[in-house]
Every structure is written in structure tokens, then in C-alpha cells.
Amino acid sequence: MGFDVGMVVTGKVTGIKKFGAFVTLEDRRSGLVHISEIANTYVEDVSAHLEEGQEVTVKIIGIDETGRINLSIKKAQEPERPAPAPRPPRQSSPPQEKGPTSFEDRLKQFMQESNSRMSGLEMYAGKKKSRRSKG
């Protein structure tokens, strides 16, 4: 049997470590349930939640390039979430005034804005200098 991410299968706990539990699945393949995937609550001791030989339902949450299978008990117990409702189409924003269309018009507008900004900066810099020289 081939395993795919997202499948929910049953298996037997074959080993318990500090970091999780090993579960043997069908076809004698085994996977790891990391300590963070055992329960929805904080798990300090894996053996407080699982014991060797116990049959568990697990969800395959990952298969790495070497074929190791990552399992989750808590995700296997979660109810399937319904697909989100489709969003209504976005309303287009009201038409805005069109700016200059030719290159020359855009360049002229840019130069006006740039000159306006520069004069504001020069005026601000002049005020700063006059304050320093008075002190």
C-alpha cells in the first residue's frame, strides 16, 4: 500500500522515546509521531499518553526524501474543516481621474512635484540653519 500525505491510517505503537513514539503501519512500514503531535495539550511524558502495543489512528503529515513518515495523532482526531465559502468578487474601485498620458505630460508633472518637494526641503533646511546660528 502506498502512503500519501493527508491519509488517515491505523497502526501500533512499537517504541516510545522522549521525543515521540514510533508507530508501525500497514506494509510493516513505520513512522514517527513527534511529541508535539500526540495531543492538543502539552505533553511532557510520551508514555503518559501512549503505551507500546496500543493501536492508534494517525494522519500522515509528511514524507521526507528518504521515505521517513511523519505522523500526527492530534490531526487525525480533528474534524475535517469545511472548505471556506467563496468570496464575493471584488468591487472595482470608482474610476479615478486619469493623469497625463504622454511621456512629456508625465515628465512635466514629475518635475513640478519634484520642484515643490525640493523647495519645501530647502525652506526646512534654511529654518534649521537659522536656529543654529542664533544660539
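Among the residues of the range 91-124, count how many are loosely packed, with under 10 Cβ neighbours inside 10 Å and at pLDDT below 70.
9
Looking only at the range 4-29, how many residues end up being in contact with an Asp or Glu (Cβ under 8 Å, 6 or more places away or on another chain) and either under 13 Å from I60 (Cα atoms) or outside the structural domain of I73 (by TED's automatic domain parsing) (or both)? I'd like the intermediate steps shown before the answer.
Initial filter on the range 4-29 (in contact with an Asp or Glu (Cβ under 8 Å, 6 or more places away or on another chain)): 9-16, 20.
Adding the requirement that they be either under 13 Å from I60 (Cα atoms) or outside the structural domain of I73 (by TED's automatic domain parsing) (or both) leaves 9-11.
Residues in the range 4-29 being in contact with an Asp or Glu (Cβ under 8 Å, 6 or more places away or on another chain) and either under 13 Å from I60 (Cα atoms) or outside the structural domain of I73 (by TED's automatic domain parsing) (or both): 3 in total.
The values are calculated or read from the model by the stated rules, or taken from the named source; none is laboratory data. If you're wondering where the values come from, they're calculated on a predicted model, not measured in any experiment. When we count neighbours, we look across all protein chains shown, and the Cβ atoms used for this are built from the backbone with ideal geometry, even at glycine.
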